[in-house]
């Protein structure tokens, strides 16, 4: 299959354009979809931080994303401009397959987050886990749970637990056709709570498809720190990942392709389109 270049795809029409649909509000979506100007500014900040870090791997990432331009895009997942354009393409594909204005379609969908103990690795060891291994493991788990006939679009995301000094990689999924029995099997067999992963599986109905579709693939990994609010409840505060971990995660992303972090079941990418396929268990 040819290397995917989101910059070669047509810009979507307004009703499928996440940059027009995802607007800032007072809820979970506080900023709207990142503008190209903000993505370019973030790229320059990353280049500066990578060069300051100075490792051979960090310099390689800085050179690659620093040289990204419209005539020769870097196509690195570490580049917020290329990732942003990929997210625009992915949302269009998702909203074409599952129209956001079709209640009957949305009623069959679930937004799912999966965090497995195998995907928790110490700082400095992110290179020991591969996107391909995660994707293969997820596919096997879904099939063994009886979800092999579902249609799924998912992406790998990660965050850094600064309090415990480890990476926590996970999947965000939109699933069409997840049965209660399959969900129960995933909970009881594959995604059990541990001392370090309190909520390994989260399943939600689709109530805000624009926000929930766009949540699948993200351009940024956050650092998480726990704190206690005035009521005594434990909260998580997100911030930019500290060095040297910031350069570590960008180097990990730089070693894979833009679509290597995506997982499909019941679909296949053909050129610049996602197409439904015959499902198999």
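Taking each residue as 0.36 nm, the span from residue 118 to residue 38 lengthens on full extension beyond its C-alpha to C-alpha distance by 25.4 nm. Run lengths n ≥ 4 of DSSP H only: what is the helix-derived mean residue ellipticity at 222 nm for the chain, with -39500 (n - 2.57) per run over all residues, to the nearest 500? Helix-only estimate at 222 nm: -9500 deg cm²/dmol. Working note: Cα atoms of the chain, range along each principal axis, descending, whole Å: 50, 46, 39. Here the Debye sum runs over all C-alpha atoms of region 1-160 as equal scatterers in vacuum, and log10 of I(q)/I(0) at q = 0.12, 0.15 Å⁻¹ comes out as -0.73, -1.14.
How high is the relative contact order of the chain, in percent, with contacts defined as C-alpha pairs under 8 Å that are six or more residues apart? Before the final figure, lay out the partial values.
On the way: 446 pairs, mean separation 68.0, N = 281.
This gives 24 percent for the chain.
Considered as an equivalent ellipsoid built on the Cα gyration tensor, region 133-281 has semi-axes of 28, 21, 15 Å, the largest given first. From most to least packed by mean Cβ count within 10 Å, the peptides 64-71, 41-48 give 41-48, 64-71.
How would 229, 159, 118, 255 line up from fewest to most surrounding beta-carbon atoms within 10 angstrom? Numbers along the way, then the final one.
On the way: 229 8, 159 20, 118 11, 255 17.
With the sparsest Cβ surroundings first, the list reads 229, 118, 255, 159.
Result for the chain in a Gaussian network model with C-alpha springs under 10 Å: among 13, 200, 99, the largest mean-square fluctuation is at 13.
How big is D, in µm² s⁻¹, for region 204-281 by Stokes-Einstein at 37 °C and 0.692 mPa s if Rh is the Kirkwood radius over C-alpha pairs? It diffuses with D of about 200 µm²/s by this estimate.
The average projected area of region 151-230, computed from the convex hull of its Cα atoms over all directions, is 7.0 nm². Extending 7 Å from the Cα toward the beta-carbon at both residue 163 and residue 277 defines two label points whose distance is 4.1 nm.
Read the figures in this text as sums done on the coordinates, not as results from a lab. Here the structure is a predicted model, which means the values were calculated and not measured. Positions of Cβ are backbone-derived with ideal geometry, glycine not excepted, and every protein chain shown enters the neighbour counts.
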